[in-house]
1. Work out the FRET efficiency for His80 and Ala244 from their Cβ-Cβ distance, taking R0 = 30 Å, and round it to the nearest 0.05.
2. Compute, for Phe79, the solvent-accessible surface of its heavy atoms (probe 1.4 Å) with the complete set of protein chains present, and express it in square angstrom to the nearest 10.
3. Let me test this: with uniform point scatterers at the alpha carbons of segment 18-95, what is the Debye-based log₁₀ I(q)/I(0) at q = 0.12, 0.16, 0.27, 0.28 1/Å?
4. Multiply the residue gap between Gln14 and Thr28 by 0.36 nm, knock off their C-alpha separation, and tell me the result in nm, one decimal place.
5. Multiply the residue separation of Leu36 and Phe89 by 0.36 nm, subtract the distance between their alpha-carbon atoms, and state the gained length in nm to one decimal.
6. Around Trp86, which amide H atoms from residues at least 5 apart in sequence, or from another chain, sit under 5 Å from its own amide H, with H modelled in the peptide plane?
7. So what does log10 I(q)/I(0) come out to for the chain at q = 0.08 Å⁻¹, using the Debye formula with one equal point on every Cα and no solvent?
8. Normalised by the number of residues in segment 24-128, what is the relative contact order in percent for Cα pairs under 8 Å and 6+ residues apart?
Amino acid sequence: MIVAALPLERDITQIPTISPERAEAFTTGGVIVSALIVLFAFVELARRRSPLLLLCLVGSLGCSLSEPIWDALGGVRFFHGNHTAWTQFPDLAQPIHYPWWTMCTYTAFGGLACYAFYKAFATRSWRIFVGALIGQAVFNIFLEGFLLTSLYDYYGEQPWRVGTDFPLWWVPVNYGEMLAGFLLFLAIQYWGPAKGGLAAIPLVVCSFSAWELWAGWPTYAAINLDIPGGWRVLAAFTSTTIAASSAYLMGKYLFGPVTREALVAVPRPEREAVPA
């Protein structure tokens, strides 16, 4: 009896190929979504006189340069037939052929997410903060678990494949823009909207990269070790604990009571509004 290989045992050398029509459709769709987000950023500029979202979107372009690092560590392979923007790690057995549509997703997953978390911290709103946390998780699972499954997959023994091919341990590891929003809020508090807002460009990409390693290193290490699968599950719990604890501490710090000492230490000019 022939038994089909389980997803956990998928052969890395057998890479599917997508049709030109599918590649074209997803590339076009990504461009349209990105254009709508950029248009929204210009609306925010006109309404609030704040270029902050635009600056976050500029920073999101850099996320695509660092993502292939996590793709190589985390066992991601893009299928043949995608419209490739560039190739990274060409000496690996499975190079990362990075597609154009992936760059488009970071306008939402990078720039827009940072802006949402910044607004939560700037307005001291638990409602926006929790909404951004849940919204990103739902978006991440829908995007990678259902919408994009025909364009790439995750190979090797990945923990937490529940319901789809998408390993759910990636969800807490992908919250780098929560850190970006946190640091952007602090930068604007200390340097003001003009100088502090410019920090959005490096913070979006650097926080994305830092969080991937900050929270994800136990699972990256485990899935690349020759160890029993139970240890990989434990590593996924560890990554989730790191991410959840960090989120709690950031929320506790920024949403705690405003003390008199804090107001003295960080003066706010009366006429210099923080962009929202």
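The values are calculated or read from the model by the stated rules, or taken from the named source; none is laboratory data. Since this is a predicted model, take the numbers as computed values, not measurements. Glycine gets a Cβ as well: all are built from the backbone with ideal geometry, and neighbour counts include every protein chain shown. All accessible areas refer to the heavy atoms of the entire protein, side chains included, with ligands and DNA or RNA removed. Shrake-Rupley method; radii C 1.70, N 1.55, O 1.52, S 1.80 Å.
1. Numbers: r = 37 Å, r/R0 = 1.24.
Once rounded, the FRET efficiency stands at 0.20.
2. Here the accessible area works out near 20 Å².
3. These q points yield log10 I(q)/I(0) values of -0.51, -0.79, -1.22, -1.25.
4. On the way: separation 14, 0.36 × 14 = 5.04 nm, distance 2.69 nm.
That works out to 2.3 nm of additional length.
5. Working: separation 53, 0.36 × 53 = 19.08 nm, distance 3.22 nm.
In short, 15.9 nm is gained.
6. Correct list: Tyr98.
7. Those come out to -0.36, one per q.
8. On the way: 108 pairs, mean separation 34.6, N = 105.
Averaging sequence separation for qualifying contacts and normalising by length gives 33 percent for segment 24-128.
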